[in-house]
Structures are given as C-alpha cells and as structure tokens.
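This report refers to the structure that appears directly beneath it.
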Amino acid sequence: MADRQRRQYSTLTKVGLGVLACNSVLAIYNSWHDSGSVAFVLLADAALLLLFHCLRESERDQRDAGRCRNIKATVWTLTTALTVMFASRVAPLMPPAVATGVWLLAGATAAGGFWAFFLA
C-alpha cells in the first residue's frame, strides 16, 4: 500500500500538468504552420516532463550517492537545455545589447547550476 501511495500524484501536480498540457495544445494549434515552433513546444514539454520525473525520483531515493549524482547530472542537463532553448527564442527578438545580456544570463545560470549541484 505504501508503494502505491508513493506513485500517486498530488492534486496540485495533476492541475499543473493539466495546465501544461492545455497550454501546449494551444501553442501547437496557434503555431501549426511553423514546424520550428511546434518542435520547440514538444521538446520543451518533453524536457519538463523528464525534469519532473527526475526530481520525483530524487525525492524518493536519496540514500544511493551514485544514483543521486546521476539524477543531479540529468537535472542540470535538462535545466541547461531549457535555458538555452528559451534564450535562443528570446534573444533574436531583442536589440543586440539586450540579446547579449540574455545569453550572458543563460550562461551564468548554467554555470551557477553546475556550481550548486557539483562543486558546492
């Protein structure tokens, strides 16, 4: 029974995933003519779902140091990929100086995450 309870998601989690699904469907519907935008939405959703799964696994099993390190590496990789994806969509819309700032902040975020996960 305890294992079954661990697999269940809270109501807030279900609502959040439902909102993500509805938002993604609307984004794909509005961007159906632009295959790059559709791919972006699908890849971002896949990364978010994988991130959610990794964080859930991390909460479940914190005793195995090797597994914990692998999960941290996966979480860092996914968050860095999401950061780069969003920066690549936002930066072209900005003036050059602001676009440079977007990329610098994306790099600082990735470096800070690496430091927090693996060096601190």
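Each reported figure results from applying straightforward, stated rules to the coordinates on display, with no laboratory input. The structure displayed is predicted, hence computed values, not measured ones. Ideal geometry is used to build each Cβ from the backbone, glycine not excepted, and the neighbour counts take in all protein chains shown.
Using label points projected 7 Å from each Cα along Cα→Cβ, tell me how many nm separate HIS33 and TRP103, to one decimal.
Reported label-point gap for HIS33 and TRP103 is 3.0 nm.
Give me LEU51, LEU119, LEU78 ranked fewest to most by other Cβ atoms within 10 Å of their Cβ, as a rough exposure proxy. Mind dumping the intermediate values first?
Working: LEU51 17, LEU119 6, LEU78 20.
Starting with the residue having the fewest Cβ neighbours, the order is LEU119, LEU51, LEU78.
What does the C-alpha gyration tensor say about the overall shape of region 2-119? Classify as rounded when a/c is under 1.5, otherwise prolate if a/b is larger than b/c, or oblate. Walk me through the numbers on the way to the answer.
On the way: a/c = 2.94, a/b = 1.26, b/c = 2.33.
It is oblate, given that a/c is not under 1.5 and a/b is not larger than b/c.
Spelling out what I want: for every residue of region 10-27, take phi, set θ = phi - 60°, compute 6.51 cos²θ - 1.76 cosθ + 1.60 (Karplus), and round to whole Hz; glycine and proline get x.
Once rounded to whole Hz, the list reads 6, 4, 4, 5, 4, 5, x, 5, x, 5, 4, 5, 5, 4, 5, 4, 5, 5.
What longest region of the chain stays clear of chymotrypsin sites (Phe, Trp or Tyr not before Pro) that DSSP places outside H, G, I, E and B and that have at most 12 other Cβ atoms within 10 Å?
Segment 33-120 is the longest.
I want to make sure I understand the PRE zone here: with the label point 7 angstrom from the Cα of LEU93 toward its beta carbon, which residues in region 49-87 have backbone N atoms less than 15 Å away?
It comes to 85-87, nothing else.
Subtract the Cα-Cα distance of LEU55 and VAL25 from 0.36 nm times their separation in residues, and report this length gain in nm to one decimal.
Numbers: separation 30, 0.36 × 30 = 10.80 nm, distance 2.43 nm.
Here the answer is 8.4 nm.
R0 = 35 Å: FRET efficiency of ALA73 with ASP45, Cβ-based, nearest 0.05? Mind showing how you got there, number by number?
Numbers: r = 21 Å, r/R0 = 0.61.
Approximately 0.95, to the nearest 0.05.
Which trypsin sites (Lys or Arg not before Pro) does region 1-90 hold that lie in a coil by DSSP with at most 14 other beta carbons within 10 Å? All intermediate terms of the calculation are to be shown ahead of the outcome.
Details: sites: ARG4, ARG6, ARG7, LYS14, ARG56, ARG60, ARG63, ARG67, ARG69, LYS72, ARG89; in loops: ARG63.
Within region 1-90, the qualifying trypsin sites (Lys or Arg not before Pro) (loop, at most 14 other Cβ atoms within 10 Å) are ARG63.
How much FRET efficiency would the formula 1/(1 + (r/R0)^6) give for VAL15 and PHE86, where r is the Cβ-Cβ distance and R0 is 41 Å, rounded to 0.05? Walk me through the numbers before you get to the answer.
Numbers: r = 23 Å, r/R0 = 0.56.
According to the calculation, E is roughly 0.95.
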